[in-house]
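Taken together, the values in this text are just the output of simple stated rules run on the coordinates, not laboratory data. Since this is a predicted model, take the numbers as computed values, not measurements. Heads up, the Cβs are rebuilt from the backbone with ideal geometry, glycines too, and the neighbour counts pull from every protein chain shown.
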Amino acid sequence: MADVAVALVVHVLSVVWWIGSLAFITAVFLPLLRKAQLGDEQAAFHAIENRFEPQARIAVVLVGLSGIYLLFRLNLWSVFLQARFWWLDAMALYWLLFMLLLFVLGPTGVLRHVMRRGGDEMARWRRMQRVHLVLLVIALVIIAGAVSGSHGFG
Ligand code: HEM
């Protein structure tokens, strides 16, 4: 079972890196940006985005690979349809959403186009923060469900 332990450690550390960065962006960086406390907002945003995106891509791929490995090793395919294991389906859907955002909608410019539509600059930062907050809250709910559910408290 050493391989399961390694996969679980990789899985959880990658989740920490990915969702921790999302929390920093949502709770620290975007509020400062909205209050115009960072000077050139566009430059600050692109500097953070350029550093965050490659790291998030690596973390998301590691989460997916380790998660799928765990599914096979623990033979959990059958529980996908059981309501009390909702967090397993939620993990997979959340992961798919980020794969789409980071590998398709981001690089093709669709995301930038959607986020820049309508309103002045401040309205756009507000919208950006709202979207990040929703994504963060969903991740926290999934993590809470996964930790309590996989230890028999679900
Ligand atoms: C393709 C995507 C994913 C798959 C296939 C997957 C699969 C799994 C599996 C099979 C486990 C072990 C469950 C158990 O020990 O009973 C697990 C654990 C975990 N997953 Fe995922 N996962 C995925 C994505 C995610 C995402 C996106 C998050 C966070 C938002 C996440 C958070 C966690 C956490 C925190 C645990 C540890 C639970 C614990 O043992 O305390 N996973 N995952």
Index of the failed condition, residue 118 passing every other in (1) buried (at least 16 other Cβ atoms within 10 Å of the Cβ); (2) of a type outside the set (Ser, Thr, Tyr); (3) not in a helix (DSSP H, G or I): (1)
Any hit, the range 71-86, residues being touching a residue at least 40 places away in the same chain (Cβ under 8 Å), crowded, with 17+ Cβ neighbours inside 10 Å and farther than 29 Å from residue 35 by Cα: yes
Subset of the range 1-24 that is among the aromatic types (Phe, Trp, Tyr) and surrounded by fewer than 18 Cβ atoms within 10 Å (Cβ to Cβ) - its residue that is farthest from the ligand (Cβ to nearest atom): 24
Filter result for the condition that a residue is charged (D, E, K, R) and away from the ligand (no atom under 16 Å from the Cβ), over 84, 127: 127
Condition met for residue 48 (under 15 Å from the mean Cα position of the chain (by Cα) and either within 17 Å of residue 17 (Cα to Cα) or charged (D, E, K, R) (or both)): no
Qualifying residue in the range 45-57 (condition: near the ligand (Cβ under 10 Å from one of its atoms) and surrounded by 15 or more Cβ atoms within 10 Å (Cβ to Cβ)): no
Neighbours by Cβ (under 9 Å, 6+ apart or cross-chain): first from the range 19-30, touching a residue at least 40 places away in the same chain (Cβ under 8 Å); second among the small types (Gly, Ala, Ser) and not in a helix (DSSP H, G or I): none
Matching residues in the range 58-70 - criterion: being within 9 Å of the ligand (Cβ to nearest atom) and surrounded by 15 or more Cβ atoms within 10 Å (Cβ to Cβ): 60, 63, 64, 66, 67, 69, 70
Given (1) more than 9 Å from the ligand (Cβ to nearest atom); (2) within 27 Å of residue 35 (Cβ to Cβ); (3) part of a helix (DSSP H, G or I), index of the condition residue 139 fails: (1)
